[in-house]
Amino acid sequence: MKVEGACHCGAVAYEAEVETGTVTVCHCIDCQVQSGSAFRANIPAPAAGFRLVRGTPRTYVKTAASGRQRLTAFCEVCGTQLYACAVQDPPSYSLRTGTLAQRHELGAPQREIWTRRRQAWVKLPPGTPSFDGQP
Ligand SMILES: [Zn+2]
Ligand SMILES: [Zn+2]
């Protein structure tokens, strides 16, 4: 389905194609710190369907403990995190679901990852596949 994303102030907007039921909840420490919250919920979108509609996000390259680098994009005005992708020639984008107008139509999480960093009170629907680290 087509989705439309935007930051809180509206300076940056984008559109993409996603498949419902493909949301991943990530409990890793980077996601907790960068979101300022308990976890992050992302949905993948192929690069072919991704397009910036308005503005240009600022970017920050984060290096994971594994050495893997990811480019993260956010609005320089309001700070909203928009997506993450590979540093060079990204084949896909990992959209932050809270920025999508269709956030309520994406379906239940397909999986949760980095559960060894999960805050104790966080409970996803029973039966959600879980991985204690990066699958
Ligand atoms: Zn903004
Ligand atoms: Zn994470």
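Dipole magnitude for the chain: computed about the Cα centre from +1 point charges on Lys and Arg Cβ and -1 point charges on Asp and Glu Cβ, it is near 360 debye. Sorting Phe131, Phe74 by the number of Cβ atoms found within 10 Å of their own Cβ, with the fewest placed first, yields Phe131, Phe74.
Pull out a ≥ b ≥ c, the square roots of the eigenvalues of the alpha-carbon gyration tensor of the chain, then state rounded if a/c is under 1.5, prolate if not and a/b is larger than b/c, and oblate in the remaining case. Prolate, since a/c reaches 1.5 and a/b exceeds b/c. Build a GNM of the chain with springs between Cα atoms under 10 Å apart, and of Thr24, Thr56, Thr80 the one that fluctuates most is Thr56. Compute the FRET efficiency between Glu19 and Thr63 as 1/(1 + (r/R0)^6), taking r as their Cβ-Cβ distance and R0 = 35 Å, and round to the nearest 0.05. Between Glu19 and Thr63 the formula returns 0.75. The relative contact order of the chain comes to 29 percent, based on Cα pairs under 8 Å that sit 6 or more residues apart.
Per-residue Cβ neighbour counts within 10 Å put Leu71, Leu106 in the sequence Leu71, Leu106, beginning with the fewest.
Neighbour counts of C-beta atoms inside 10 Å place Asp132, Asp30, Asp89 in the sequence Asp89, Asp132, Asp30, starting with the fewest. How many angstrom separate the Cα center of the range 79-135 from the Cα center of the range 3-22? Going from one Cα centre to the other spans 14 Å. Take 108-116, 47-55, 34-42 and order them by the average number of nearby Cβ atoms within 10 Å per residue, most first; the result is 108-116, 34-42, 47-55. 3J(HN,Hα) along the range 73-87, derived from phi through the Karplus expression 6.51 cos²θ - 1.76 cosθ + 1.60 where θ = phi - 60°, amounts to 10, 8, 7, 6, 8, 10, x, 4, 7, 10, 6, 10, 6, 5, 5 Hz, with x in place of Gly and Pro. What value, in deg cm²/dmol to 500, does the helix sum -39500 (n - 2.57) over DSSP H runs of n ≥ 4 give at 222 nm once divided by the residues of the chain? Mean residue ellipticity, 222 nm, calculated: -1500 deg cm²/dmol. Students often get this wrong: which residues of the range 21-59 have the backbone nitrogen under 12 Å from the point 7 angstrom along Cα-to-C-beta of Ala120? Nothing falls inside the zone, counting backbone N under 12 Å. For the range 42-115, a simple Cβ point-charge model (Lys and Arg +1, Asp and Glu -1, everything else neutral) yields a dipole of about 80 debye relative to the Cα centre.
Values in this text are rule-based calculations from the coordinates and carry no lab data. Because the structure is a prediction, the values reported are computed rather than measured. Heads up, the Cβs are rebuilt from the backbone with ideal geometry, glycines too, and the neighbour counts pull from every protein chain shown.
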